[in-house]
Structure formats: C-alpha cells, structure tokens
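Working notes, beginning with the structure itself.
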Amino acid sequence: MRKLLILSSLLYSSLTHGQFLLDGFKSNSGEFTVAASSGVQHFKRFYAAPGKVGVKRSTQINSLYFSGNLTNFLRIAGSLPHFRVIKSDVSSFQDATVQAQLISPYSLWGLRPYFIYTYSQPLSSYATETATAIGQQAFVRGYGGGLQWTGKQYFAALSYQAQDKNPPTPSANQYHFRGGYFQNAWFYSLTLEIQKAIGGSDYRDGSRQPFTTLGADYTKLSTTVYKRITNQFGISANIGQVISGRNVGQSTELFIGLVWNSKI
C-alpha cells in the first residue's frame, strides 16, 4: 500500500504550476517510482488582471517523474515536463524540478510532519514574450513543509512552500490542502492548490513590463483516481480546473499516467 501512495506526488501535482513532488506517506529505504504522464491543458479565458480576456490556447504536456527513498526518512523526486502548444511551432522542454524531503520518524495520533527543499531551472531558452510562452525562464528555490494525517483508509494533508525566484520574476507562496481515500488497489484524492505571488506586474496595468515580471496567482481544484494493476504497475487519471487567478489562464487540465513501483 505504501508503494502505491508514493505516486500520488505525481498525480496531484500540477504539471504547469505546482512543485509539490512528494507527499507525507512514510516509505521504506530503496523503494522508488518512475511514472510517465500525458495530457492537455486548455483555456478560453485568461485572467488578465484586472478582469478576464478572451484568449484561447491548448497545450499538450508530457512529463516524466521519479522518486526514490535514500533512507526510511529521506526522499528525493524530480520531474521533466515537455510542452507543445497546439496549432503553433512551440515545442520544448520547460523547467526541470528536483525536490528533497525529510520526513519525521515520529508521528502523533496519525500526524506526521515533513520538510522539503525544491530547486527548479529552465531546460531550454524558450521564448517568454509571446502568447505561446510556456514559462518565465525563472530559477526557483523553494523551502517549506507539511503535516499529514493518515488513518486506516483516509488521509488529509496541508503543505506550504515559499518560492524564491530569480529577478525579475516575483517570488511566491504556495499552499496545498488535500484529502483522500484508499482501499485495496484503488486510490482517490481531492486537492485545493493555491499560489500567491509577492508583488509583480499585471498584464493590463499599463506598465508594459516584460511577461517575466508578471505576478501569477491561481486557485485550482483537482481530483485523482489511481488503480493498481499489479504489484509494480498502475494507471491514473487526473482532472484539474483553475477557478480563480491573476495573469494565468482559466484552464482545465486532464492527464493520464502510467506508474511503475519497484525496490532496489
């Protein structure tokens, strides 16, 4: 069961915004997960700050993910996303992310804290000043942690990280609230993800600042279903919806994933 739950880091994390690659489930040394996912992000409206404008865009996103347990309480994970903006010539790797996590060996009433460090950097010199831009070319260092309660079949978690981004991209605070249910070969979760930029320019503030200076806020709801097929393989489906934001698309996301769990 624990190996099944490792993959939730891929499933609930937004491939386009969030950088919470690991969850609060305790795992055993030597266990690792490799996963591949593919999906589409689509929006017809853009939160242009202030208000919304009618901008349409569809993007195919393919991603590789891995996580490994160096010890019973120290884990690492990484993601490698590739973006293709449909009906354009934009096709490129975006920003690679690596995360280290220290999980407390102690829990109280099912509550277990953990701490995370995240590093992300662009993988290509993709354009930032066009309607098909896939990122802000920002180097990111993230610091934070979380607290997770795990019962026999239910779990709930909250986590936070401060993202320090290289200028001129504004830094940000990120929050995750997640709950779910697992039984036998099935896993379900519901996630609320929030990002708040610290300052930054707005798309329609009249300042004509580069897109790299935009402050990106969003609130997104997503749900995940996972089915274990064998002891090592499983499949997943994830759907997410941005319900409010600033300088981001009002997007719907749908992803399908294949997951392989094993032990060294």
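For Cα extents along the principal axes in Å, the listed values are (i) 69, 45, 35; (ii) 53, 33, 30; (iii) 89, 37, 29; which was obtained by calculation from the structure presented?
After the calculation, the listed value that fits is (ii).
Given the Cα-Cα distance of Ile86 and Leu158 and 0.36 nm per residue of separation, how much length would full extension add, in nm?
Gain in length upon complete extension: 22.5 nm.
Please give the calculated 222 nm ellipticity per residue for the chain, where each DSSP H segment of at least 4 residues contributes -39500 (n - 2.57) and the sum is spread over every residue; nearest 500 deg cm²/dmol?
About -500 deg cm²/dmol.
Once the piece of chain linking Thr230 and Val40 is laid out straight, how much longer is it, given 0.36 nm per residue of separation minus the C-alpha distance between them?
65.7 nm
Quick one: which of Lys87/Lys220; Lys44/Lys87; Lys26/Lys227 span more than 18 angstrom between C-alpha atoms?
Among Lys87/Lys220; Lys44/Lys87; Lys26/Lys227, the Cα-Cα distance tops 18 Å for Lys87/Lys220; Lys26/Lys227.
Let me know the shape class of region 171-264, please: from the alpha-carbon gyration tensor, a ≥ b ≥ c as square roots of the eigenvalues, rounded when a/c is under 1.5, otherwise prolate if a/b is greater than b/c, or oblate.
prolate
For a test of the definition: using alpha carbon positions, the gyration tensor, and the 1.5 limit on a/c, classify region 43-95 as rounded, prolate or oblate. The partial results should precede the final answer.
Numbers: a/c = 4.74, a/b = 2.05, b/c = 2.31.
Taking the square roots of the gyration eigenvalues as a ≥ b ≥ c, region 43-95 is oblate.
Describe numerically, in nm with one decimal, the distance between label points set 7 Å from Cα along Cα→Cβ at Ser207 and at Thr71.
4.5
Counting heavy atoms of the protein chains only and a 1.4 Å probe, report the per residue accessible area for the chain as a whole number of Å².
Accessible area per residue, the chain: 46 Å².
Considering only protein heavy atoms and a probe of 1.4 Å, how much of the accessible area of the chain is carbon and sulfur, as a whole percent?
Solvent-exposed carbon and sulfur of the chain make up 62 percent of the total.
The values are calculated or read from the model by the stated rules, or taken from the named source; none is laboratory data. Small disclaimer: the values here were computed from a predicted structure and weren't measured. Positions of Cβ are generated from backbone atoms using ideal geometry, with glycine treated the same way; all protein chains shown enter the neighbour counts. The protein model used for the area step is the full one, side chains on, heavy atoms only, and it has no ligands, DNA or RNA in it. Shrake-Rupley method; radii C 1.70, N 1.55, O 1.52, S 1.80 Å.
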